[in-house]
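First comes the structure, then the notes that go with it.
The values are calculated or read from the model by the stated rules, or taken from the named source; none is laboratory data. Bear in mind that the values here come from a model prediction, so they are computed numbers and not experimental data. In this analysis, Cβ positions are derived from the backbone assuming ideal geometry, glycine residues included, and neighbour counts consider all displayed protein chains. The area values use the complete protein model at the heavy-atom level, side chains included, leaving out ligands, DNA and RNA. Shrake-Rupley method; radii C 1.70, N 1.55, O 1.52, S 1.80 Å.
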Amino acid sequence: MKDEGLVELPGTVRARPPEETWELLARRLEGFGITRVARLTGLDCIGLPVWTAIRPAARTLSTSQGKGATDLLARVSAVMEAIELWHVEQPLPVVAYGPAEEVAPGCPVAALPLIAPHKERTLARVVWEWTPGTGLVSGEKRLLPVDLVRRRAQRPEWTPDLLRATSTGLACGNTRDEALLHGLLEVVERDVLYRDGQVGGRRRTLIDPRSVDDSYGREAVDRLMSAGMAVELALVDGPYGLPVCLAYLWSEDLPMVFAGGGCHISPAIALTRAVTEAAQSRLTAIAGTRDDLAGDPAPLDTCRFRPARTEGLASWPEVTARFQPVPGGFADQAGQVARLVEDVTGHEPVALDLSGEGEPFHAVQVVCPGTRSRIRRAMPR
């Protein structure tokens, strides 16, 4: 997957080396409302780097977590997460006001994320504010309701409460194409996991953690096991033909199940994203600073872990052999994933550009009509 525009790093691929990214970020933290960036790693016994970025005046989440193979990568990840949320809190341009049947007759309103299902004919008559996006296959202008991004607390009182604004597809990158690929892969991951949940997890292939052969993936799994974690890994089949992974952690010192998901063109990166996200979720609970953590967690004696299987597990190299590398840089890969999404859903993905001109980073929200995601944060085991 070598390419002039790709910087390959342990567990990830970026458009810039992390040292350059951090140099650009460090002098702009105040502009994004970030007052503190802190290392959480030492609060747990695992040792996988996890950092947090704090925005006290945030209108969504005031803390954002990030993980990575090194402290620098985890610090950059946390700050990028915070910058994503800062951008989604800013007003979007409104270029039209009215019902879809008049303003945007081509918008598949019934396939957008809805709080409850409604008929296309009914939704086409609802009056919304509209903002411009870009079709990721055709490159043409597409209008979308602003409320796909604007949270309920930020909406005018008259706005109908029909659309569900989520962080799915929200991404920040060194370049626009890097952000687009990240957003598309997140949409694919959540749609595949939603489909798997609808059939009771029957699309999962359980993986033998000892068979992971990627160097960083092997290191991450070894750290978990050395820390006494029970680990369960799974590869989840979906209609996109992209690797989607799940990881579950449990230990006696904090007997709650923590989960992580990941999707990437590279199976190794999909796996390490799932594993490190599960470790990040555990550290987030230990730190206790995230705004949306449950205020009254379940008693520890109810959080028992069904023992992970140790026999009949699939070999990681064997089950991932079918995935072929996607040539080219971020633009080529984002274009291919966008076409996959359109083929599966029948709808073109659309990107809302959230960044202003001259910013050294690019924030986008990728909207893929016809895809679904969990309403609850939990990933059922």
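When Trp22, Trp51 are checked against the criterion of being touching a residue at least 24 places away in the same chain (Cβ under 8 Å) and open to solvent by 40 Å² or more (accessible area, probe 1.4 Å), Trp22 stands alone in meeting it.
Count of segment 90-138 residues, restricted to those that are surrounded by fewer than 14 Cβ atoms within 10 Å (Cβ to Cβ), part of a strand (DSSP E or B) and either within 23 Å of the chain's Cα centre (by Cα) or among the charged types (D, E, K, R) (or both), is 1. Answer yes or no as to whether Ala285 is of a type in the set (A, V, I, L, M), at pLDDT 95 or above and touching a Leu at 6+ places or on another chain (Cβ under 8 Å). For Ala285, the condition - of a type in the set (A, V, I, L, M), at pLDDT 95 or above and touching a Leu at 6+ places or on another chain (Cβ under 8 Å) - is not met.
Would you check if Glu178 is surrounded by fewer than 17 Cβ atoms within 10 Å (Cβ to Cβ) and closer than 30 Å to Leu354 by Cβ? For Glu178, the condition - surrounded by fewer than 17 Cβ atoms within 10 Å (Cβ to Cβ) and closer than 30 Å to Leu354 by Cβ - is not met.
Scanning segment 208-244 for residues that are on the phi < 0 side of the Ramachandran plot, open to solvent by 10 Å² or more (accessible area, probe 1.4 Å) and among the small types (Gly, Ala, Ser) gives Ser211, Ser215, Ser226, Ala227, Ala230, Gly238.
When segment 341-357 is filtered for residues that are more than 19 Å from Ala171 (Cα to Cα) and in a helix (DSSP H, G or I), the ones remaining, listed by number, are Glu342, Asp343, Val344, Thr345. Across segment 139-167, which residue is farthest from the chain's Cα centre (by Cα) among those that are in a loop (DSSP other than H, G, I, E, B) and modelled with pLDDT of 95 or more? Only one residue fits best here, namely Glu140.
Scan segment 263-270 and give yes if some residue there is assigned to a helix (DSSP H, G or I), under 28 Å from Val337 (Cβ atoms), at pLDDT 95 or above and open to solvent by less than 20 Å² (accessible area, probe 1.4 Å), otherwise no. Looking through segment 263-270, at least one residue is assigned to a helix (DSSP H, G or I), under 28 Å from Val337 (Cβ atoms), at pLDDT 95 or above and open to solvent by less than 20 Å² (accessible area, probe 1.4 Å).
Of everything in segment 68-85 that is among the charged types (D, E, K, R) and either without any contact (Cβ under 8 Å) to a residue 60 or more places away in the chain or in contact with a His (Cβ under 9 Å, 6 or more places away or on another chain) (or both), the residue that is surrounded by the most Cβ atoms within 10 Å (Cβ to Cβ) is Arg75.
Note on segment 344-358: residues that are surrounded by 15 or more Cβ atoms within 10 Å (Cβ to Cβ) and either more than 18 Å from the chain's Cα centre (by Cα) or not acidic (Asp, Glu) (or both) total 10.
Candidates are the residues of segment 184-207 that are over 17 Å from Pro267 (Cα atoms) and not basic (Lys, Arg); the one that is most open to solvent (accessible area, probe 1.4 Å) is Gln198.
Every condition in (1) in contact (Cβ under 8 Å) with a residue 24 or more places away in the chain; (2) part of a helix (DSSP H, G or I) holds for Gly228 except the one numbered (2).
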